[in-house]
Amino acid sequence: MVKKRNRDPEVLAEAPPVEADDSGSDDDVDMVNVDFEWFNFKPDIDFHGLKSLLRQLFDVDAQLFNLSALANLILSQPTIGSTVKVDGEDTDAYAFLTVLNVHEHRENQAIKDLAQYLLGKSRSNPALSALSNLLSSSSSQVGLVLAERLINCPAEISPPMYAMLIDEIEAAVEDKEPYEFTHYLIVSKTYHEIASALDQEDAPRTKKSKAGKASKETFYFHPEDEVLQRHALASGSYEYTKDEGEGMADSKRAFQEMGIKPQGSMILIEASKFEGAVKAIGEYLSPPQ
C-alpha cells in the first residue's frame with residue numbers, strides 16, 4: 001500500500017520494485033529491478049524535464065501552447081501531484097501527474113489557451129458533448145489532470161501516483177484550498193492503426209488497396225486510460241490540429257512508418273466516481289505477486 005505523503009517538505013513514498021526485461025529474448029530473460037521514487041515538484045529542478053514531458057503529452061500540438069508558462073503553473077503548486085525518478089531528486093523526472101483547477105486559473109493565459117483548445121476539440125466529437133458544456137460554464141469546477149511518462153517507463157508506476165493525488169487533494173480541501181472539483185478531465189493520447197508506409201512500399205500493386213485500410217479500433221498509450229474511460233461520463237479521441245509532418249522528430253516518423261497514428265484523447269469523470277476509478281487502476285495494474 002502506498003503511504004500518504006506529507007504535504008510539506010518532500011517525503012518519499014516507498015516505490016515497489018518494477019521488473020523490466022533487459023534481454024530482448026523470450027527464452028533467456030534477465031530481469032532488472034529498478035527502484036522508482038516519488039517526489040513533490042521542485043521548481044529549481046523539474047522545469048526542463050516537466051516541459052519535455054508536456055511536449056510529449058501534447059504531441060504535434062504542443063507548439064500551440066506556451067509550455068514554459070504551463071510548466072511554471074504546475075510547479076507553483078508543488079504539494080499537488082508527483083514526479084517519478086530513478087537516480088534521486090536532483091534528476092529529471094521519468095513521469096509526472098498533477099491536476100489544475102481550470103476555473104481558478106481561468107485568467108492564466110496558459111490555461112486560457114488550453115481550455116479554448118480542449119473546448120474546440122470537444123465540439124469535434126459528439127462523444128465529448130458533455131465536456132463542451134462544462135468547459136463553457138463559468139461555475140463548473142473541473143480538475144484538469146495532466147500525466148505523462150517516458151515511453152519505456154512501466155505502467156505500474158501509475159496507481160501510486162493517482163492514489164497519492166487523491167490523498168493530496170483531500171488534504172488540500174481540508175486546508176480550504178481550491179481543489180474541491182465536480183469533475184476531473186484527463187488529457188491523454190490514444191492511437192489507431194493506419195496503413196504502414198513500409199507495407200505500402202513493399203506490397204504489390206494489387207495488394208496496396210488492402211494494405212491501405214486503416215483500423216478504427218482505439219489503442220491506449222497509457223493502459224490506465226482504458227480503465228478510466230470505463231468510469232467516464234464522456235470520453236473520446238480527436239485529431240491533432242498541426243500537420244504531423246511539421247517538425248516531426250525521427251522517432252515520431254518511425255511511428256507513422258510502422259502504421260501507428262497518434263491522436264489526442266479526453267476522459268471526463270464525475271468527482272464522485274474518481275476514487276473508484278483510481279482503485280480500479282490499482283487492481284488492473286498491480287504488480288504480480
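Each reported figure results from applying straightforward, stated rules to the coordinates on display, with no laboratory input. Values in this document were obtained by computation on a predicted structure and should not be read as measured data. Heads up, the Cβs are rebuilt from the backbone with ideal geometry, glycines too, and the neighbour counts pull from every protein chain shown.
What the table shows:
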quantity	calculated
Full-extension gain in nm, Arg106 to Ala155, via 0.36 nm per residue minus C-alpha separation	14.5 nm
Distance between modelled label sites at Asp113 and Ala130, nm, 7 Å Cα→Cβ extension	3.0 nm
Summed side-chain charge close to Ala277 - residues other than Ala277 whose Cβ falls under 13 Å, Lys, Arg +1, Asp, Glu -1	-3
Extension gain, Leu64 back to Ser140 (0.36 nm per residue minus Cα-Cα distance, nm)	24.9 nm
Zone residues, the stretch 159-190, relative to Leu233, backbone N less than 20 Å from point 7 Å out along Cα-to-Cβ	166, 169-170, 173, 178-188
Efficiency of FRET from Cβ geometry, Val173 and Gln56, R₀ 22 Å, rounded to 0.05	0.10
Burial ordering of Glu168, Glu226, fewest other beta-carbon atoms within 10 Å first	Glu226, Glu168
